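Remarks on the structure that follows.
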Amino acid sequence: MADQQLLAIVWGETSGLAAKDGSNQTLARLHAVVAKLAAAAQRRGLGGNLKQQLAPRANDAVAMVTYNAMSSTVSAVETNTYRAEMELPARAVLWEVNENGAPPRDNLPPTSVAWMFDADVTSGGDFVAGTGADTRTYRLFESPKLPAEDELPYVSGYTDSGVVRPSDRRRWYRSPAWGIGLSGGALFFLAAFSLLWTASSFSLAYDLLANRQIEDGQKFSSSLPLPACPAGGGPDQKACETAADTLKGKSGTALDDARKSRDKKLYDLFSDQGPTCVERLTKWADETKPPVDPKTKKPISADDQAKNLFCLALLGDAVKFAAQNLVIKADTWVGHAAQFVGWWLFGWHVPTSGAQAVSLGMPTALMMLGVILVLVGLGKGVNGTPLGALISPNGRYSLALAQVTSWTVLVLTSVMAIAIFNGGLVSEMVRNFPRAVSDLPNAVKNGFFPDIPTGIWGVLGISFGSTVLSTLIKSIKGTDDSPTVVSSERSQPVGSVTMFKDKVAGYDPRHRASIADWFLGEDTDNKDKIDITRVQMVLITSGLLVTYGNAIFAAVRDLTAQEILLVIQKVDVLIGALPPVGTSMAAMLAVSHATYLVAKAADTPSPKPVQH
């Protein structure tokens, strides 16, 4: 009769488990392995580290059948009469695995049992526990190597026997992955708010020049220089500085009177020049808006050129004043502190003069970099590698995930950057147009987001659809470590080529994901061979990404101040659409993806035997 403590251990470690293949022999082998290793643990004084459970009640018929079979197996092991097709191991680990035969990322085995990934480790079968959504699969990893004297020969993730869980986890803020991800998020919002800050500064500068904000206009005009009156005086000294307006050398009432006189002259001068400059600059922008016919283009006189430059300088001063004082209005020290911090963080993108063109290129690139850093942080934190977000369940870098991620980052981030700037320019003006009004301006009718050309929608659809189809093909073919078998009906040959029969290479803990995975096959027979269909997809996708990326960045640079002012006045959209691509780009990508998917579904031809 078997030792009662040993029976309690084996029942405690295996109760509730069933062989995944439904075989009684597989379950009996598990009982035998646990019995042998538990007996070894008892001899070393380690039996107390294993779970023990009393026999089931007699009225539990199903459990009693399993328990009686287990008792017979344990007795056979104790008396050395148990016969197995494979020799029982010297140590073993029972650990949860996913559908690819790998430990789930949220339940990785401790380093103390890292030997379970050694080359000489074999599988003793898969076992299931639980029902419905709570069903878990466990695999028995067996090794012929003897454990150390103080090492428990049997470790179970099912009962936590022999599992040392880390008690002192590292603080989240000490993890490099968190730092990378948070830095990416901060960079994304820094660039986004910089775009918004610049756009709002132009919108508020328009209000100043158009005399829409009297109090702010007075503050701005008082910061401008007052030109000195010509020597000898003149008939009109209302727009120049006289001796009575000079602040130097005055104090008390005289200083206050001089300041009031000076501020009044400046505001009168500005309130007259501001609207004039708005009209001049918007007219200039309208006349020079592409396309311009060189034959009908009128030359600009020297006087008009000088006035244009003066108005640009005035606009530049207004934009800078708005950026420093009006984007965040301050009445208290808290507001002034917020003003200073906001200008310090986001003011770097504001142009230093009206003649300086505005470019959305740098903020857009920083937003893209921020998204990439977030993905790097996620990949590093979850999969332990910077490109971990692109790793498929079989532990290899996924080409489909890489291309869909690239298009998403390029196109959608560009759309967000453009929409932020468009909205910042005219959001204040849009509120003046209720939806019931006819002949609405473009910004009200169409919104701030740029139109995405049909060709780009096609590119995104192909990219996302290809990823879905790629996953479907892999699930139909199954992996080399899964029990999936493709029926003959689903694997009918197309001509002389069979489809869906070759197994996809499953998860291999010894394989380290690398960029080379994008160029190598995925099937068991060609996983270490260059796949030309994947090579062409990498080359074509890379070329199209570079080409369209250059088109986007060219479309968002060299935005003139007068052009921006015209958009605000008309409540228009500055950048109304992403660059058009036509049908060639989508067609080229479609052919590339179709070639890749067909080759993925097709089986690798077997080499013909050499005839002698």
Problem set entry | FRET efficiency, 1/(1 + (r/R0)^6) with R0 41 Å, evaluated for Trp178 and Arg44 via beta carbons | 0.50
Exercise. Once amide H atoms are built 1.01 Å from N in the peptide plane, which residues 5 or more positions from Ile391, or in another chain, come under 5 Å H to H?
Worked result: Ser398
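With only Lys, Arg, Asp and Glu charged, each at its Cβ (+1 for the first two, -1 for the last two), find how big the charge dipole of the chain is about the Cα centre; round to the nearest 20 debye.
Charge dipole, the chain, about its Cα centre: 500 debye, nearest 20.
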Exercise. In sequence order, what are the phi-derived ³J(HN,Hα) couplings for segment 25-30 according to the Karplus relation 6.51 cos²θ - 1.76 cosθ + 1.60 with θ = phi - 60°, rounded to whole Hz, with x for glycine and proline?
Worked result: 5, 5, 5, 5, 5, 4
Exercise. Do any cysteines in the chain lack another Cys Cβ under 4.7 Å, and if so which?
Worked result: none
Problem set entry | Calculated from backbone phi, Karplus (6.51, -1.76, 1.60) coupling profile of segment 323-334 in Hz, x at Gly/Pro | 5, 8, 10, 10, 4, 10, 7, 10, 10, 10, 5, 5
Seminar exercise, completed: Calculating log10 I(q)/I(0) by the Debye sum over Cα atoms at q = 0.05 Å⁻¹ from this structure picks out, from (1) -0.33; (2) -0.43; (3) -0.21, entry (2)
Exercise. How much length is gained if the chain between Gln213 and Thr524 is pulled fully straight, taking 0.36 nm per residue apart and subtracting their Cα-Cα distance, in nm to one decimal?
Worked result: 104.8 nm
Exercise. Of Lys529/Lys600; Lys289/Lys570; Lys51/Lys145; Lys380/Lys527; Lys307/Lys329; Lys283/Lys445, which pairs sit farther than 20 Å apart, going by alpha carbon to alpha carbon?
Worked result: Lys51/Lys145; Lys380/Lys527; Lys307/Lys329; Lys283/Lys445
Seminar exercise, completed: The extension gain from Asn550 to Asp118, computed as 0.36 nm times the residue separation minus the Cα-Cα distance, is 150.7 nm
Exercise. Within the chain, which is the longest segment containing none of the GluC sites (Glu not before Pro) that sit in a DSSP loop and have at most 13 other Cβ atoms within 10 Å?
Worked result: 150-612
Exercise. Exactly which trypsin sites (Lys or Arg not before Pro) in segment 362-465 are in a DSSP loop and have at most 15 other Cβ atoms within 10 Å?
Worked result: Arg431, Arg435
Problem set entry | Nonlocal amide H pairs with Gly125, under 5 Å, H built at 1.01 Å | Leu140
For this session: Pop the C-beta distance of Thr288 and Asn98 into the FRET formula with R0 = 60 Å and round what comes out to the nearest 0.05.
Result: 0.45
Problem set entry | Point-to-point label distance, Ala338-Thr79, nm (Cα→Cβ direction, 7 Å offset) | 8.5
For this session: Just subtract the alpha-carbon distance of Asp60 and Thr111 from 0.36 nm times their residue separation and send over the number in nm, one decimal.
Result: 14.5 nm
Problem set entry | Karplus 3J(HN,Hα) series, Hz, for segment 261-276 with 6.51 cos²θ - 1.76 cosθ + 1.60 (x for Gly, Pro) | 5, 5, 5, 5, 4, 5, 5, 4, 5, 5, 5, 8, 6, x, x, 4
Problem set entry | Computed label-point distance, nm, for sites Ala357 and Asp263 using a 7 Å Cα→Cβ extension | 4.0
Exercise. Whose amide H sits under 5 Å from the amide H of Val97, counting only residues 5 or more places off or on another chain, with H placed in the peptide plane?
Worked result: Thr137, Tyr138, Arg139
Problem set entry | Ser542 paired with Gln4, simple spin-label distance in nm, labels 7 Å along Cα-to-beta-carbon | 7.2
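The numbers here are math on the coordinates, done by the rules we state, and not lab data. Just so we're clear, the structure is a prediction, and the values are computed from it rather than from any experiment. Quick reminder, even Gly has a Cβ in these numbers, built from the backbone with ideal geometry, and neighbours come from all protein chains shown.
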